[in-house]
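Enquirer: Sharing a structure, written as C-alpha cells. Questions coming.
The values are calculated or read from the model by the stated rules, or taken from the named source; none is laboratory data. Nothing here was measured: the structure is a model prediction, and the numbers come from that model. All Cβ positions, glycine included, derive from the backbone under ideal geometry; neighbour counts span all protein chains shown.
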C-alpha cells in the first residue's frame, strides 16, 4: 500500500489512487490531466480556481475565503516562476503545484454535507463554511490546515523528496515560504475588503491572523508537512498506512480545535453576510 512512485506514470497513478480513495465521485465528474511540469499546468489550475472563486464570491459562500487565498497564492506562484533562478527545479515545483491543487479541488467537488467520503479535515472545513459556524479567520485557518497539514505531506511524498542527482528538494520547498510572504498582505487585504473586515488582527486559538502571526504559523505547518512526508517516505511499507492515518487524525484534530477557537455569533454571521453582499467584487 502507498509504495513509492518511481516514474511520472507511477506518480500519476499514485495521485489518482489517493484521490480515488477519498473522492470517487469527483474522479467520474472531471479529468484534470496536466502533470507535465510545464507552466501551462499552472494556467490550467488558475483558470479552474478562478471559475470556482467567481461562483463562490457571487453567492457569498463562506468557502470563498480559502478559495480566494489559494487563487491569489497560485497567481503569485506563476509570477515568481518567471524568474528561472527562483527555484532550483521549476518543472518539479510545477508538478507539485498541480498535484497539490488536485487534492483540494477533488475534495471540494466530492464534498457532501455531513458526509465521510473526503478527508476529515476537509469535511470539517467545508461543513463549517456551509453552516456558517466560524468567523472569516476561522474559515481561512480551516482551509490552510486541511491543505497544509493534511494534503501537503501526501503530495510531497508522491513527488519524491530527493532529486535524481541525490540532492534534497527541501530548498525549493522552503523557497515557497518566500513566495507566501510576498502574497500574504494581498490575501489579507482582499479578504477584508471583500468578505470579512474582521480577518486581519482576528485571533484563532491564540494566533493573530495578521501578516506576522499567519506567516509564522504557515512556516511551522509547512515544516511539519515536510517532516511527515519524510516519515511516509522512510517508513516500511507495513507501517506507512499508520503514518498516513496519523497525518489524517492530526489534521482533523487541529480542524476541530480551530472551530472551537473561532465560533461566530449570530450577529457576526449577519454582519459578515451583509458586508459581502455589497463588497464581494471590491477592487
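Enquirer: Being buried (at least 20 other Cβ atoms within 10 Å of the Cβ) and at pLDDT below 95 narrows it down to one of 92, 98, so name that one.
Expert: Numbers: 92 fails: buried (at least 20 other Cβ atoms within 10 Å of the Cβ).
Among 92, 98, only 98 is buried (at least 20 other Cβ atoms within 10 Å of the Cβ) and at pLDDT below 95.
Enquirer: Restricting the range 130-149 to residues that are under 9 Å from the mean Cα position of the chain (by Cα) and farther than 15 Å from residue 247 by Cβ, which is surrounded by the fewest Cβ atoms within 10 Å (Cβ to Cβ)?
Expert: Step by step, filter the range 130-149, then rank; the result is 144.
Enquirer: OK, next. Quick one: would you say residue 140 is in a helix (DSSP H, G or I), touching a strand residue (DSSP E or B) at 6+ places or on another chain (Cβ under 8 Å) and at pLDDT 95 or above?
Expert: On the way: in a helix (DSSP H, G or I): yes; touching a strand residue (DSSP E or B) at 6+ places or on another chain (Cβ under 8 Å): yes; at pLDDT 95 or above: yes.
The answer is yes for residue 140.
Enquirer: Could you look through the range 199-223, keep only residues that are in contact with a helix residue (DSSP H, G or I) (Cβ under 7 Å, 6 or more places away or on another chain) and part of a helix (DSSP H, G or I), and pick out the one that is surrounded by the most Cβ atoms within 10 Å (Cβ to Cβ)?
Expert: Selected residue: 214.
Enquirer: What are the residues in the range 98-137 that are over 26 Å from residue 41 (Cβ atoms) and assigned to a helix (DSSP H, G or I), if any? Outline the logic, then answer.
Expert: Just the residues of the range 98-137 that are over 26 Å from residue 41 (Cβ atoms), to begin with: 112-117, 120, 123-124, 127-137.
Answer for the range 98-137, where residues must be over 26 Å from residue 41 (Cβ atoms) and assigned to a helix (DSSP H, G or I): 120, 123, 124, 127, 128, 129, 130, 131, 136, 137.
Enquirer: Now, a different point. Quick one: which residue in 34, 60 is at pLDDT 80 or above and either in contact with a helix residue (DSSP H, G or I) (Cβ under 8 Å, 6 or more places away or on another chain) or closer than 13 Å to residue 108 by Cα (or both)?
Expert: Values: 34 fails: at pLDDT 80 or above.
Selected residue: 60, the only one of 34, 60 that is at pLDDT 80 or above and either in contact with a helix residue (DSSP H, G or I) (Cβ under 8 Å, 6 or more places away or on another chain) or closer than 13 Å to residue 108 by Cα (or both).
Enquirer: Looking at residue 80, is it closer than 20 Å to residue 182 by Cβ and touching a helix residue (DSSP H, G or I) at 6+ places or on another chain (Cβ under 7 Å)?
Expert: Values: closer than 20 Å to residue 182 by Cβ: yes; touching a helix residue (DSSP H, G or I) at 6+ places or on another chain (Cβ under 7 Å): yes.
Yes; evaluated as a whole, the condition is true for this residue.
Enquirer: Just one of (1) part of a helix (DSSP H, G or I); (2) modelled with pLDDT under 50 trips up residue 3, so point out which.
Expert: (1)
Enquirer: Moving on to the next point. Going by the structure shown, is residue 246 in contact (Cβ under 8 Å) with a residue 60 or more places away in the chain, surrounded by 12 or more Cβ atoms within 10 Å (Cβ to Cβ) and either touching a helix residue (DSSP H, G or I) at 6+ places or on another chain (Cβ under 9 Å) or more than 18 Å from residue 180 (Cα to Cα) (or both)?
Expert: Judged against the criteria, residue 246 is not a match.
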